[in-house]
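Here, each number is a calculation from the coordinates, and none is a lab measurement. Keep in mind it's a predicted model, so treat the numbers as computed, not measured. Note: ideal-geometry Cβ built from the backbone for every residue, glycine included; neighbour counts use all protein chains shown.
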Amino acid sequence: GPRGTLTRNFKHLNLDFQLQEGGRRLKVDAWFGTRKTMAAIRTAISHVQNLITGVTKGFRYKMRFVYAHFPINASITAANRGIEIRNFLGEKKVRKVDMLDGVTILRSEKVKDEIVLDGNDIELVSRSAALINQVRVLDYVLLILKTSIISCLQFTCEAYLRM
């Protein structure tokens, strides 16, 4: 897509993937499928849709610092690849969280105490948000919005299931 390429391995699933109509439709076949196999088909289709959305629109998570007394200071380090959280509950310890590959972190210009995580792979963006979110006791970093970077493009991925 316009934002790059993403690959994923589905060899652990006993499914047949075929592109039809010049690459516009994806056909997923499962022969003699059980209930678990049919559930795996929908999961695989959702993963493919997330890959397509990632390379066309991208994924954006917005997080906000929530604190009662001690203001949390955060500085973005290493070319938007990590964050340092300071003054957490008044402590002097600096907590460092590195972003996963392909995820960039920015400070929001419009809203105070808000950070924005951008990336193509939804799993890496959400795991990076979870790593930041795990740095909490009373004061915390809250995930407030999950959206795509480019929300004006429309793309549908249709899949046909054959039993």
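A few notes on this one:
- Structure-based [θ]222 nm, the chain - -39500 (n - 2.57) summed over DSSP H runs of at least 4, per residue, nearest 500: -7000 deg cm²/dmol
- Protection-proxy order for peptides 112-119, 143-150, 41-48, 9-16, each taking the mean of Cβ atoms within 10 Å per residue, highest first: 112-119, 41-48, 143-150, 9-16
- Sites GLU84 and GLU123 - FRET efficiency at Förster radius 22 Å, r taken between beta-carbons, to 0.05: 0.35
- Placing pseudo-labels 7 Å out from each Cα toward the beta carbon at GLU91 and LYS36 gives an inter-label distance of 4.1 nm.
- Inter-site label distance for ILE150 and THR77 at 7 Å from Cα along Cβ, in nm: 3.4 nm
- DSSP beta bridges in the chain [antiparallel fraction, %, rounded to 5]: 90 percent
- Per-peptide average of other Cβ atoms within 10 Å, ordering 62-70, 90-98 highest first: 62-70, 90-98
- Estimated inter-spin distance, HIS12 and THR43, nm [label 7 Å along Cα→Cβ]: 0.8 nm
- Relative to the longest principal axis of the Cα atoms of the chain, helix 35-56 runs at roughly 60 degrees.
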